[in-house]
Amino acid sequence: MSAHSAGAASSKSRNYIFEIHFLRAFACIAVVGVHVTATQYYANEQTWHWFTYFINQLGRFGTTAFAVISGFLLFYQVKRKGFEMGSFLKSRFSKILIPFLIWSLVYRFLIYVYDQQSFGDLGSELTKILRGEAFYHLYFVAIVVQFYFIFPFIQKLFRTKALMIVFAFLALIISYQLFGFNPEIEGAIGEFLASKTFMPIWIFYFAFGGVLAYFWDEIVRFATKRPRQMLAVALLVSAGAVVEYRVTGQVSNRRLTNLINLPLLCIATIGIYPLLSKWNVINKPLKLIGQYSMGIYLIHPMILYLFANHLPDHYWTVSNVPLMFLAVMLIAVTFIRILQFIPHSGYIIPVPKIKKTKRSSQALSEKRVQSA
């Protein structure tokens, strides 16, 4: 087999990126961990236990990792297939915007039923939904939608490896400068610009996703050859996060250290994939969580909200937190699987399809490339 044909086979076999799905699974687990422990915190008169505080603070990497993944998927698609505005708008409208609007209405109705929060006028309700304020987790989807507005221009300006580095550098400056941003503007506009929903605060993470996309082969080759070193990096970043919250107090997912931590953690997670993927007891659940991550993200706060409103207080003990986490994940996965039997369920919860590609065939193709 020639180097060209072997390279084509390898490229084709890697249309589905397992390492990114792996990263997506860890991001999902982190976000659910944050919200389970936060629910337990409020159920116990806003009192932390060291264990729940540890899980809550360590999980603050999750949302920013999702921003990296979102940027990666957008830029990787452009790198492989180019950009077509019609397809982009159709895909984003059906896979993100419609589910976002549907779940915003679901959560708004839940708050109305359980908290007796009456509906305001149409304008205020639409503003609340579009800003991702219908429930506490939807702000991130609103951030992603904002990035979609500028992505057609960004992808046209930055289409080479060198230009992607330039974009990431500019984005780093923007995200750094906007930390703690106060526009000193009164009213709704000022509130939005100072809120966590203001997308430019997050732009570096989308840009780093672009760097991953354009340097994917080099990063995967470097990281997967050093799985144990990458595991050590992940542990060191995690240990640093523990030191940070113990020294400075409670931290958010927008803290400045994430501008360094997230690139390191993402590359490290990609690198440890070969180490963990050997164990089916770990690999299969992570693959499923990664595939269902968007649905789990949308659904899990509803499950926790219903738990908080219906479960007696004695269920909300520290020892029950792992069981609560497992229950939330199992109910979410079951709900998504049942929903998939309904026609057009992708408009409610989009679930990416995993192509039937074996890792052994991928490895064989890559080995042939190297030996050709």
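The values are calculated or read from the model by the stated rules, or taken from the named source; none is laboratory data. Being a predicted model, the structure only gives us computed values, none of them experimental. FYI the Cβ positions are ideal-geometry reconstructions off the backbone, even for glycines, and counts take in every protein chain you see. These accessible areas exclude ligands, DNA and RNA; they are computed on the full protein's heavy atoms, side chains included. Shrake-Rupley method; radii C 1.70, N 1.55, O 1.52, S 1.80 Å.
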query = Where does the chain land at 222 nm, in deg cm²/dmol rounded to the nearest 500, when only DSSP H runs of n ≥ 4 count, each adding -39500 (n - 2.57), divided by all residues?
reply = -23500 deg cm²/dmol
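Could you please state how large a percent of the accessible area of the stretch 124-265 is carbon and sulfur, counting protein chains only and using a 1.4 Å probe? Write out the running numbers ahead of the final one.
On the way: 4900 of 7220 Å².
Here carbon and sulfur together make up 68 percent of the probe-accessible area.
Test of understanding: express the Cα radius of gyration of the stretch 294-348 as a ratio to 2.2 N^0.38 Å, with N the residue count.
Details: Rg = 13.0 Å, N = 55, 2.2 N^0.38 = 10.1 Å.
Here the answer is 1.29, to two decimals.
Determine, from the Cβ-Cβ distance of LEU73 and GLU184 and an R0 of 25 Å, the FRET efficiency 1/(1 + (r/R0)^6), rounded to the nearest 0.05. Show your work: numbers first, answer last.
On the way: r = 36 Å, r/R0 = 1.44.
With a Förster radius of 25 Å, E is 0.10.
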ask   = Comparing ALA234, ALA67, ALA327, which has the greatest mean-square fluctuation in the GNM of the chain with Cα pairs linked when under 10 Å apart?
value = ALA327
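With a probe of 1.4 Å, find how much accessible area the chain has per residue, and write the answer as a whole number in Å².
Working: 19150 Å² over 372 residues.
That works out to 51 Å² per residue.
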request  = Round to the nearest 10 and report in Å² the accessible area of HIS344, as given by a 1.4 Å probe over the protein chains' heavy atoms.
outcome  = 140 Å²
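Rank by packing, highest mean first: peptides 115-121, 240-246, 276-282, 99-105, with packing defined as the count of other Cβ atoms within 10 Å averaged across residues. Write down the numbers at each step before the final one.
On the way: 115-121: 9.3, 240-246: 14.6, 276-282: 11.3, 99-105: 18.3.
Ranked from most to least packed, the peptides come out as 99-105, 240-246, 276-282, 115-121.
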query = Among PHE140, ILE102, ALA213, whose Cα lies farthest out toward the positive end of the dipole of the stretch 88-221, if unit charges sit on the beta carbon of Lys, Arg (+1) and Asp, Glu (-1)?
reply = ALA213
Matching label, Cα extents along the principal axes in Å computed from the structure shown, candidates (i) 56, 52, 51; (ii) 68, 50, 45; (iii) 57, 50, 44 = (ii)
message = Just to verify a number: FRET efficiency for SER238 and HIS49, C-beta to C-beta distance, R0 = 22 Å, to 0.05?
response = 0.70
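Using a 1.4 angstrom probe on the protein heavy atoms only, could you order PHE61, PHE83 from most to least accessible area?
On the way: PHE61 15, PHE83 55 Å².
The most accessible residue leads, giving PHE83, PHE61.
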request  = At 7 Å along the Cα-to-beta-carbon direction for both PHE341 and SER319, put a label point, then send me their distance in nm to one decimal.
outcome  = 3.7 nm
ask   = Taking the Cα centre of the stretch 152-225 as the origin, how large is its charge dipole in debye, to the nearest 20, when only Lys and Arg (+1) and Asp and Glu (-1) carry charge on their Cβ atoms?
value = 480 debye
note = Expressed in nanometres to one decimal, the distance between label points 7 Å along Cα→Cβ at ILE111 and LYS156 is 3.7 nm
ask   = Roughly speaking, what is the stretch gain from ASN280 to ILE102, that is 0.36 nm per residue apart minus the C-alpha to C-alpha distance, in nm to one decimal?
value = 60.6 nm
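For the stretch 227-358, with only Lys/Arg (+1) and Asp/Glu (-1) charged at the beta-carbon, what is the dipole magnitude about the Cα centre, in debye rounded to 20? Could the numbers behind the result be given before it?
Numbers: 12 positive and 2 negative charges, 144 e Å.
The calculated dipole for the stretch 227-358 is roughly 700 debye.
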